[in-house]
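The values are calculated or read from the model by the stated rules, or taken from the named source; none is laboratory data. For clarity, every value in this text was computed on a predicted model and none was experimentally measured. When we count neighbours, we look across all protein chains shown, and the Cβ atoms used for this are built from the backbone with ideal geometry, even at glycine.
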Amino acid sequence: MDHTRITHLGPAALLLAAAGLLLPATASAETARAWQGSRQAVGIKHLQPAMKGGEGYGDKYTFNADFDGGGSFYYSLTISNLGFGDGKMEAKGRLTVGGETFRWKKNLDDDEWSYDKKSFSIEAGPARMSGEPKKLVMSARAKGAEVELTFDAIANPWRPRDGRVRWGGEGVSDYTVFPLMRVTGRYKKDGGEWTPLSGTGYGTRSWSSVAAYDVLRWAMELRVIDGDKTVYLRELGATADFGKKRIAYLLVTRGKEVLFESFDHRLDPTEVMTDSKHDNKYKVPEAFTLVGKDASDASRMVRGKVTKKKLRKRREPLKKMNAAVRAVASQYSEPVSYDYDVDVLLEVRVGAETVRIDTVGRYEVNHLNK
C-alpha cells in the first residue's frame, strides 16, 4: 500500500511538506519510534513555532471552517528554512461567503513576521493567529474583505500519546489535531458593515526537523464529522531506510469524549486504483475496512468501512514548476496527491453501547516516492 500527500508552498516547497506534515532533514538511522508514553494534554507549548535549525525544518498550521447556511474558510501558516534564509513564512487562505470568494497570500522573510515566545500569538502580514488550545482567534485581510473568527473547542485538542515520531537519533516530527470546534465571528467587504458568521471548524498543527522525502514514501488522511462525532485517521509509510514501517493513529470522538484511539488497528484495502497517468504507477486504496481495539481499553472496539464516492482532485505539484526547478525537485520527490469524497460507516463499541457514524468524509492520499 503506497500513499502520500503534498502541500504546495512555492516552487521548491515540495521538498519540505507532505500532507500537512512537515518532516525531518537528513536521517541516517534505521529506527522510527512513534507515539510513546501516555497521552499529553495540549498546551501553549504545542502551539508555539518550534523554530528549529536545518534546511529540512518546517512548521504548519492549517484550519478550516464550514459556515451555517453555506460558505467556508481556509487558513494556513507555514514556516520553512528551505532555500535562502531561515524562518520564512507563507500566510495564505480563502474566505467563501455570500457567493463570493476572497483570497490572501503573502510570502514573508523572517524579519517580516513575528511571534510571542511566552504566549501563543503570530502576526504574519495579512494574517494573525493567537489564543489557547481550546480557544483560537484568527483574522485576515484579503483583497476586498476582512475576516475575524474564534474557534472554540467542542472536542478537546488531541495528540497521539506524546505526539511525536522520532526518526533515528535526531529527527523529530510533531503532531496535534483539533477534531471539532465551534466557529463564530464576522466579516466585512471593503467599505461595508460587519456581518456575523458561525459554523463548524477543525484543524491540524505539525512541525518537523527533517524533510518529508527523507523519511516518507506516502501518507494518507481521513476526516469525518457527523454532528458532534468525529473520526480522524492518519497513516504514514516510512522509507526503506526506516524499514518501510507503517506509522498510524485513529481517533474517534463524541463531544469532549474520546471514544476510541488506536495506533495498531488493522486497515485492509478492498479496492485499489493503479495510477496509469504517472510513471511510478502509484497504488491508491479507494476503499478499505478498519478493525481494532482501543489502545488503553481492549473492551472498546471499532469496525468500519470506507468506500469511494468520487475523486475530487488529482494533483501533480511538479507540473506547476518551471523546467529548471522541476528538474532539481524531481531528484528528491515525485509527488502526486488524490483527494476523495468517501462514504464512511463506522461503529465503536463502548461497554453496552454501540456508537454509529454513517456519513460522507474527506480522504486524501499523497505519494512522495516509490
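Checked against the criterion of being within 18 Å of TRP158 (Cβ to Cβ) and either buried (at least 21 other Cβ atoms within 10 Å of the Cβ) or among the β-branched types (Val, Ile, Thr) (or both), the candidates LYS256, LYS229 yield just one match: LYS229. Consider region 42-77 and keep the residues that are among the charged types (D, E, K, R) and over 21 Å from SER130 (Cβ atoms). The one that is surrounded by the fewest Cβ atoms within 10 Å (Cβ to Cβ) is ASP68. The set of residues in region 333-366 that are surrounded by fewer than 19 Cβ atoms within 10 Å (Cβ to Cβ), in contact (Cβ under 8 Å) with a residue 12 or more places away in the chain and outside any strand (DSSP E or B) contains only GLY351. All of (1) surrounded by 19 or more Cβ atoms within 10 Å (Cβ to Cβ); (2) farther than 30 Å from GLU257 by Cα; (3) in contact with a helix residue (DSSP H, G or I) (Cβ under 9 Å, 6 or more places away or on another chain) hold for PRO157 with one exception: (2).
Matching residues to (1) surrounded by 15 or more Cβ atoms within 10 Å (Cβ to Cβ); (2) in a helix (DSSP H, G or I); (3) of a type in the set (A, V, I, L, M, F, W, C):
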position	(1), (2), (3)
GLU261	yes, no, no
LYS281	no, no, no
VAL284	yes, no, yes
LYS305	yes, no, no
LYS309	yes, no, no
ARG312	no, no, no
GLN331	no, no, no
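Taken together, the residues in region 266-279 that are out of contact with any Lys or Arg (no Cβ under 8 Å at 6 or more places or on another chain) and either in a loop (DSSP other than H, G, I, E, B) or not assigned by TED's automatic domain parsing to the domain that holds TYR338 (or both) amount to 3. Taking each residue of region 41-53 that is part of a loop (DSSP other than H, G, I, E, B) and looking for partners that are small (Gly, Ala, Ser) with beta-carbon atoms closer than 7 Å, six or more apart or interchain, yields MET51/GLY87; LYS52/SER209.
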